[in-house]
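Right, one structure below, let's go through it.
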Amino acid sequence: MKKNYIYCSDTCPFCQRAYQLLESKGIPFKKHYVKDQNDWNEVMEITGRNTVPQIFINGTHIGGFDDLYAADQSGKLDDILNG
């Protein structure tokens, strides 16, 4: 199984919502905390975005919480999980 992980900050309300959605679906994930400029540089290099959360499911970059929610509502998240 490919990794599920989130670049995150525990002070971010959208990160909290992403954790809740993933946990409610029983999707295990690891948190990669963005703490300093080096971490932000890594997020930018990998995703092209400068916000958290940045969510990866089965190695696929989903995006932020709004993207995760939309993928869940459309069924795309299930496709990624089963793919």
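We did not get these values from a lab; they are worked out from the coordinates using the rules stated. This is a predicted model, so every value here is computed, not measured. Positions of Cβ are backbone-derived with ideal geometry, glycine not excepted, and every protein chain shown enters the neighbour counts.
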Helix axis angle, 37-47 relative to the chain longest principal axis, alpha carbon, degrees: 40
Given LYS25/LYS76; LYS3/LYS76; LYS35/LYS76; LYS3/LYS25, the pairs whose alpha carbons are separated by over 19 Å: LYS35/LYS76
FRET efficiency estimate (nearest 0.05) - Cβ-Cβ, ASN82 to MET44, R0 25 angstrom: 0.25
Over the chain: helical MRE at 222 nm, DSSP H runs n ≥ 4 each giving -39500 (n - 2.57), nearest 500: -14000 deg cm²/dmol
Difference of contour (0.36 nm per residue) and Cα-Cα distance, GLN20 to LYS35: 3.3 nm
Within the chain: Cβ-based charge dipole about Cα centre, in debye rounded to nearest 20 (Lys, Arg +1; Asp, Glu -1): 180
